[in-house]
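Since the structure comes first, as structure tokens, the remarks are kept for the end.
Coordinate-derived values only; no laboratory data. Given the structure is predicted, the values throughout are model-derived calculations rather than measurements. Glycine also receives a Cβ, built like all others from the backbone with ideal geometry; neighbour counts cover every protein chain displayed.
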Amino acid sequence: MNSTKRISTRKLVIMALMSAISLVVYYFDFPVPLMPSFIKLDLSNVITLLVGFSLGPIEGVVVCLIKNLVHILIKGMGTTMGIGDVFDFVSGAVFVLTAGFIYKHKRTKKNAIIGCFAGALAMALVSLPLNYFIAYPIYFKAYGGEAAILSAYQKILPETGNIFQALCIFNLPFTLIKGLLCAVVTVLVYKPLSPIIKADRK
């Protein structure tokens with residue numbers, strides 16, 4: 001009983017610590033070449049994925065949720081009603097759930113790699129309808145309409161005809177590359193860090 005309680009307490013402490021680290025990493029976002037300036041890259045999904053592999057996929061999602069909730073509390077919802085954090089949470093949750101459950105089924109390096117890349121692909125595919133039907137309509141209202149957002153893409157590629165085309169050309173591959181980058185970093189650092197993160201360490 002006491003042993004179980006200690007493990008549960010340690011898990012909560014680890015999740016709180018990883019949530020804090022994930023939030024800090026989330027703030028270190030940066031613009032990338034050939035993308036509109038409002039689209040930025042961060043590697044906070046590395047932290048949630050590490051938790052998903054070490055403690056479980058649900059725990060990884062919880063860490064992702066805490067990161068975004070605290071970010072909203074600090075930054076405020078603003079004119080976009082926090083849609084950026086909602087998007088980040090949903091896409092991140094899909095990433096860690098997909099990768100985490102594949103790895104949980106069979107804990108091998110091969111399955112970790114398969115899970116990571118499957119999670120990156122799932123995140124990219126989910127991002128398209130999430131952006132088109134939910135996120136971008138809110139951005140249109142906040143930033144001067146669809147034409148204003150579209151013009152940011154057309155400055156990079158003048159042939160971009162509409163928002164759906166822009167999302168397919170720019171956002172979809174960007175999200176996939178972001179997921180793949182997080183996957184590579186996770187695979188590289190997971191083995192040395194997993195003994196520290198796991199909640200059942202004696």
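See the values below:
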| item | result |
| --- | --- |
| Rg followed by Dmax, in Å, when region 53-165 is reduced to its Cα trace | 17.0, 49 |
| At least 30 Å along the helix axis (C-alpha) and Kyte average at least -1.0, DSSP helices within the chain | 2-27, 83-105, 109-130, 172-197 |
| Choice from Asn131, Asn68, Asn162 with maximal GNM fluctuation in the chain (Cα, 10 Å cutoff) | Asn162 |
| Dipole of the chain, positive direction: furthest Cα of Cys116, Gly179, Pro192, with charges on the beta-carbon | Pro192 |
| Highest-MSF residue in the chain out of Gly76, Gly92, Gly144 [GNM, Cα springs under 10 Å] | Gly144 |
| Net length gained if the chain between Phe140 and Lys110 were fully extended (0.36 nm per residue, minus Cα distance) | 6.6 nm |
| Amide H partners (placed H, <5 Å) of Leu55, local residues excluded | none |
| Debye, to nearest 20: dipole size of region 102-177, +1 on Lys, Arg Cβ, -1 on Asp, Glu Cβ | 680 debye |
| Gain upon complete extension [Val24, Ser37; 0.36 nm per residue less C-alpha separation] | 2.6 nm |
| Percent of Cα pairs exceeding the 12 Å cut-off, where the set is region 71-126 | 65 percent |
| Per-selection metrics, the chain (Cα): Rg and Dmax in Å | 18.0, 65 |
| Violating pairs (Cα-Cα greater than 18 angstrom) within the set Lys110/Lys178; Lys67/Lys198; Lys104/Lys191; Lys40/Lys109; Lys109/Lys191; Lys109/Lys198 | Lys110/Lys178; Lys67/Lys198; Lys40/Lys109 |
| Leu157 paired with Tyr132, simple spin-label distance in nm, labels 7 Å along Cα-to-beta-carbon | 1.5 nm |
| Förster radius 45 Å - calculated FRET efficiency between Leu73 and Lys191 (Cβ-Cβ, nearest 0.05) | 0.85 |
| Asp29, Asp85, Asp42 arranged by Cβ crowding within 10 Å, fewest neighbours leading | Asp29, Asp42, Asp85 |
| Chymotrypsin sites (Phe, Trp or Tyr not before Pro) restricted to region 89-179 and DSSP loop, no more than 13 other C-beta within 10 Å | none |
| Simple Cβ-charge dipole of the chain, Lys/Arg +1 and Asp/Glu -1, about Cα centre, in debye nearest 20 | 1180 debye |
| The chain: most fluctuating residue of Val96, Val63, Val126 per GNM, C-alpha cutoff 10 Å | Val126 |
| Listed residues Val126, Ile169, Val63: farthest to the positive end of the dipole of region 45-202 (Cβ charges) | Val63 |
